[in-house]
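Step one of this worksheet: look at the structure below.
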Amino acid sequence: MSRKRIPRDRSRAARRVGFGAVGGVVALALIAGWVALAPAAVEAEVEFTDVERQTAEFHRYYEEITLTPEEQKVFEAALAELPAPCCSDRSALTCCCECNMARSWWGLSKHLITERGYDAAEVRTAVEGWFEFINPDGFSGDSCYAGKCFKAFRHDGCGGMMKDQVIY
């Protein structure tokens, strides 16, 4: 699969300086007077490169990250208006089941909100990019109702239902 980069709205990038390794280095550099960085240097773009590795990573985020009430509001706003690719009569927030594909976009969303400070629009754009990356041909929107739950993402499927048995 090809690489997919999701550009980031840089206007709010400086908001989370001090969080994570990059933020710590930037803060130390600024305190010491070594450099004056523009906000765009603080946050990296989201880049999709490896569906198997990143699905596992996003599943881990889904399991491990607990959102604050404020973060939950961003999560809900980001996903409530985005149709789920496997059951487009429902939103990405209320997908009809906890399939492997849903776990991946929920985990990605949690990570972007908590670790990168993304707002709802930025999360939605990144999740749409994930959908395009995992199935460049697009989704039919009825995978869950057409018996495709156990097909790979790239074959219009949900990647299975068991979190420890993702179908690629």
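The values are calculated or read from the model by the stated rules, or taken from the named source; none is laboratory data. From a predicted model like this one, the values you see are computed outputs, not experimental measurements. Cβ placement follows ideal geometry from the backbone for every residue including glycine, while neighbour counts extend to all protein chains displayed. Areas reflect the complete protein model, heavy atoms only, side chains present, ligands, DNA and RNA absent. Shrake-Rupley method; radii C 1.70, N 1.55, O 1.52, S 1.80 Å.
Computing FRET efficiency as 1/(1 + (r/R0)^6) for T66 and D142, where r is the C-beta to C-beta distance and R0 is 25 Å, gives about 0.15.
Counting only protein chain heavy atoms and rolling a 1.4 Å probe, the accessible areas of H155, H111 rank, largest first, as H155, H111. Seen through its C-alpha gyration tensor, with square-root eigenvalues sorted a ≥ b ≥ c, the stretch 32-168 comes out prolate because a/c lies at 1.5 or above while a/b is bigger than b/c. These residues, D137, D142, go from largest to smallest accessible area, 1.4 Å probe, as D137, D142.
Using a probe of 1.4 Å, the accessible surface attributed to D50 totals some 60 Å² when neighbouring protein chains are kept in position.
Each peptide in 83-89, 60-66 receives the mean, over its residues, of other Cβ atoms within 10 Å, and ordering these scores from highest gives 83-89, 60-66. For the stretch 35-135, the share of accessible area belonging to carbon and sulfur comes to 50 percent (1.4 Å probe, ligands and nucleic acids excluded).
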